[in-house]
Amino acid sequence: VSPGYQIQRAIAGDYRTTVAGSIDAELTVTGRTGMARYSAAPGSSRMTVIIGSGINATTSTESNVRITGPTSLEAVADGGSFCGVPTNYKVYLVAQFDARPTETGMWEGDRLRRAATTGSGPNSGAFFTFDVTDNTPVQYKFAISYVSIANAQRNLAAENPGLDFEKMREESVAAWKS
């Protein structure tokens, strides 16, 4: 089932869309990090953000995700394949939310595992559910590395030390224009 979306803005460094007619999603980037800000429709009580570790445009054979704290996770996945040829690299990811979720968990295939902190395999990932009754947007930042989790953490600390979405978006758009 497709979630449906309507693109509001799409330029280098600044992507905005409305998902399922009620969630505003804004994305921006640095060279090795990204940041997302999600706003639920007024009157919403909760919103769930999913981060797939075993989801790829092609089949991933190895993926692992671990919730490392109340607002953070790390994951690793192989690159899947390209035109039927297996790729020989891994992508390491770290992510950090700006708010504490009311619920977390994992999924593996079609099995939902509430409160689980680790997951693995193709079509797997983590979910974070937030209370949004006060209409505060949920933000998270993330970084990747092709070397290690430690390098992804260093990339996040170096390129995206705070959670200032507007500043990061302005810097990203300016970098692309230069």
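The values are calculated or read from the model by the stated rules, or taken from the named source; none is laboratory data. The model shown is predicted, which means the values in this text are computed figures rather than measured ones. Methodologically, a virtual Cβ is constructed for each residue, glycine included, from the backbone with ideal geometry; neighbour enumeration extends over all protein chains shown. These area figures cover heavy atoms from the full protein model, side chains too; ligands, DNA and RNA do not enter into them. Shrake-Rupley method; radii C 1.70, N 1.55, O 1.52, S 1.80 Å.
The table below gives the values:
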| quantity | calculated |
| --- | --- |
| Of SER145, SER120, SER45, the one that fluctuates the most in a GNM where the chain has Cα springs shorter than 10 Å | SER45 |
| Straight-distance crosslink candidates among lysines, where the alpha carbon sits under 22 Å from LYS167 and sequence neighbours closer than 8 are dropped | LYS141, LYS177 |
| Length added when fully stretched, ASP24-ALA175, from 0.36 nm per residue minus Cα-Cα | 51.9 nm |
| For a label point 7 Å along the Cα-to-beta-carbon line of LYS167, residues of region 132-160 with backbone N under 14 Å | 157-160 |
| Computed E for VAL147/THR48 - FRET, C-beta separation, R0 35 angstrom, nearest 0.05 | 0.70 |
| Distance from region 164-178 to region 1-40 (C-alpha centre basis), Å | 15 |
| Accessible area of region 114-178 divided out per residue, in Å², using a probe of 1.4 angstrom | 54 |
| Relative contact order %, the chain, counting alpha carbon pairs below 8 Å whose residues are six or more apart | 25 |
| Nearest-0.05 FRET efficiency for SER81 and GLU103, computed from C-beta distance (R0 35 Å) | 0.55 |
| Accessible surface of region 22-152 [probe 1.4 Å, protein heavy atoms]: carbon and sulfur percent | 53 |
